[in-house]
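Have a look at the structure below, then the notes.
The values are calculated or read from the model by the stated rules, or taken from the named source; none is laboratory data. Computed from a predicted structure; not experimentally measured. Cβ coordinates were reconstructed from backbone atoms using ideal geometry, including for glycine residues, and neighbour counts include every protein chain displayed.
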Amino acid sequence: MFRIQLKGYREWSIKRKLLTMTGLLLLGSVFMESYLSYTQYTRDFEKQSSDKVQQIIEQVSLNIDTYLDDLYRLTLFPYRNDAVMSALEEPAPATELAQLERRRLIENFLDEIMIYPRQDILRVSIMTDQIYSSARLPTSLVPDDNVESYDWYKQALSTQEYIFVPTHLQPSNKGNVPVFSIVKQFRSISNTQNILGVIKADANYNGIVDIIGKAEMGQDGGLFILDDNHNFIYSSNDEFKATILSKSDTTSLIQKGYMMNTTAIPQVKWTIIALSSVSEMNQKAIKTRNTAFLFAIGSALFAILVLILLIRHFLKPLLSIVKLMKEVELGRLDVTFQSNRKDEIGYLGAAFNRLVGKIGEMLSQNTVLVKEVYESKLLQQEAQINTLFNQIRPHFIFNTLNLISLSMQSGKQDKAIEHINQLSSILRSMTLWDKEMPLHKEIELLHAYLGIQSSRYEGRLSYRINIDCSLNELLVPALLLQPIVENAVLHGCERKKEKTTITIISRLSPGLLEIEVHDDGLGMDHETLLKLQNKVDQLEETVNPNPSHTGIGLVNVNKRIKVKYGERYGIRIESQWQQGTTATLSLPYPRMEVDSPV
C-alpha cells in the first residue's frame, strides 16, 4: 500500500509537491511549537502552582499556629496577677462570704481577660477545688459540671503540655456553637510542684475556619487538617475524606491529575493537606494554549496562501518550459521559450532553446544518414537476392529441362511429370527467400532437388534424409538447407566417378538443434578446409555474385543464421581427404526466436 501511495506521490506535479511539503512543514512546526510551548508552560505552571499552594498552606499553618499561641498565652494570664494567684493557692475559705469574695475576685479577673478583642474566644475557666469561669455566651462549662470524668482534664493534670480538645458542639441561647478548647495544667507559683488545677480556654471553631477559608483550593480540590491520630480537624470537601486517609487511593488520585501538598503545625501535631486539581489550575493555561494555537494555525494558513501565490509566480516560467517540452515530444521543433530573465530559469530557458535547435539539426542529419543507410541496405539486400537466385544455377535448370525432355522422348512421361513438379517446387520456394517455413517444407524441397539430381547423375547419387518427425512444424528461414545440399552435390558427386551418398540427419541437445549434411565424396585437405571455414565465418565480406566461386552459398546461409539468431549459431565444416565432408548447421531449440545480433 505504501509503494502505491509513493508511486502516486512521484506522479504529482512539482507545484503540488512544493505546496504539500511546505504546508506540512508549516503546520507541523506550528503543532510542534504549540505542543512544546504548552507542555513547558504547563510544567512550569504546575511547579509554580505547587510552590504557591505550598506557600499558602504554610501561611495557613503559620496563622493557625499564631492563633493557637494567642490561646496559649491566654492560659498564662493568671500568673501575672498576684492577688488571683494568692487566692487560688490559699486553702478554701471557711465562710460563705469569704468564698463569695474569692469567687468574685477570680471571676472579675476572668471578665477582664474576656475583654480581649478577639471575639472568637468564648470562655476562659479555672478549675481547682472550685470552677471559676467567664464567658461571652451564657453556656455551661460541661453538661454535668463533673470535670474529673473528662479525659482532657485527666491529661492536663498528668502533663505540663497543652491539651487540645477537638471540636465539639456547645449549646447556647443562639443554638449549638462549634467549639474547640486549649487546656493547661495550673501550678502554684510558690511551690511549682503543687498542681492547683487546670485552666481552659474555649474558642469558636469558626476562627480556624475563617483562617483556612482564605486558602482557596478550587471546586475540585480541598483543604484538610488531621491530628496525630488521623482524625479530621477540618475538611473543606468531604468527598475526599476516605481518599486522604488511604495511601493507595491517594497515589491513584495523583495519577488521575491531582496535586497534593502537606505541611505540619508542630505545636498541636496537626498536618495540613492541600489537594488541588491540575486540570482546574491549568484552565487558564489551556485557554491560552488554544488561543495561541488558533492564532498559529491562522498564521500558517495565511503563510500557505501567500506561498501559493509565490509558487505560482515563480513556477509559471518553469511550467511554460515543461509545456514547450511536451510539444517537442509531439514532434514540434519550432517552439521557443520567450523570456528576458537573467536568473536560473532564464538560463534553463536559453539552454532549452539551444537544445531544441541542436535536436532539429541532428534530426536533419539523421534523416540524411537514415536515407543513406536504407539505400545501402536495399543494395545489400538486392545483392543477397541475386546470390540466392544464382544459387539455383542456370545450367541446373537447363539440365533439368533436358532431363525432362529426354524422359518424355523415351516414353517416361510419369518421370517427366515428377521432375516438372519438383522443379516447380524449387522455383516456387525462391519467392519465400525472406520468409519462414516449417522444417518439413524445407525437407520436401530437398527431396525435389535431390530427386532431380539423382536422376541426372543416373544412379551415381543417392541420398538419405533422417530428420526427427517432432521437428516437422519447427519454423526455419526458407532455403536454409538447399544451398548446403547443393554444395555437397557439386563438390562431392561431380568430382567423384564412383557412387556418392548424401546423408542429412538431425541431432538434438538441450537448447540446440544440429542438422548435418554429410557426403562421402573426395573431401578436402586441412589447408583447403581452413580457408573455406575462414571464408564462411567472414560475415562482413561482400557477397560475390559469381556462382562458380566456391562456398558462396555457405557464406550466405551462415550470415543469415548469425544475423537472425546470434553469433553462437551458424555452420561448422569438417572434412578429410578421400573420406568426405560434413557441414553442421546449428540453430537454437526449442525457442526459435530472433535474437539481437551480438
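Values as computed for the structure displayed
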{"quantity": "Residues within the range 258-293 that are polar (S, T, N, Q), over 19 Å from Phe240 (Cβ atoms) and in contact (Cβ under 8 Å) with a residue 12 or more places away in the chain, tallied", "calculated": "3"}
{"quantity": "Whichever residue in the range 343-358 is charged (D, E, K, R) and more than 41 Å from the chain's Cα centre (by Cα) and, among such residues, is farthest from Leu318 (Cα to Cα)", "calculated": "Lys358"}
{"quantity": "Of residues in the range 521-545 being touching a helix residue (DSSP H, G or I) at 6+ places or on another chain (Cβ under 9 Å) and not in a loop (DSSP other than H, G, I, E, B), the one modelled with the lowest pLDDT", "calculated": "Asp537"}
{"quantity": "Leading residue by the ranking (modelled with the highest pLDDT) among those in the range 448-481 that are part of a strand (DSSP E or B) and among the polar types (S, T, N, Q)", "calculated": "Asn466"}
{"quantity": "Residues located in the range 79-114, provided they are in a loop (DSSP other than H, G, I, E, B), over 12 Å from Ile189 (Cα atoms) and not small (Gly, Ala, Ser)", "calculated": "Pro91, Pro93, Thr95"}
{"quantity": "Counted residues, the range 495-511 - those being under 17 Å from Leu445 (Cβ atoms) and part of a loop (DSSP other than H, G, I, E, B)", "calculated": "0"}
{"quantity": "Only one of His518, His491 that is touching a residue at least 60 places away in the same chain (Cβ under 8 Å), of a type outside the set (A, V, I, L, M) and outside any helix (DSSP H, G or I)", "calculated": "His518"}
{"quantity": "Considering residues of the range 20-69 that are surrounded by fewer than 16 Cβ atoms within 10 Å (Cβ to Cβ) and of a type in the set (Gly, Ala, Ser) only, the residue nearest to Val268 (Cα to Cα)", "calculated": "Ser37"}
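For every residue, the table says whether it meets (1) over 29 Å from the mean Cα position of the chain (by Cα); (2) part of a helix (DSSP H, G or I); (3) of a type in the set (A, V, I, L, M, F, W, C).
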site: Ala274; (1), (2), (3): yes, no, yes
site: Ile286; (1), (2), (3): yes, yes, yes
site: Arg289; (1), (2), (3): yes, yes, no
site: Phe293; (1), (2), (3): no, yes, yes
site: Leu301; (1), (2), (3): no, yes, yes
site: Leu305; (1), (2), (3): no, yes, yes
site: Leu309; (1), (2), (3): yes, yes, yes
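Let's see how each residue does on (1) in contact with a Ser or Thr (Cβ under 9 Å, 6 or more places away or on another chain); (2) polar (S, T, N, Q); (3) surrounded by 13 or more Cβ atoms within 10 Å (Cβ to Cβ):
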| site | (1), (2), (3) |
| --- | --- |
| Pro78 | no, no, yes |
| Val84 | no, no, yes |
| Ala94 | no, no, no |
| Arg102 | no, no, yes |
| Glu107 | yes, no, yes |
| Asp129 | no, no, no |
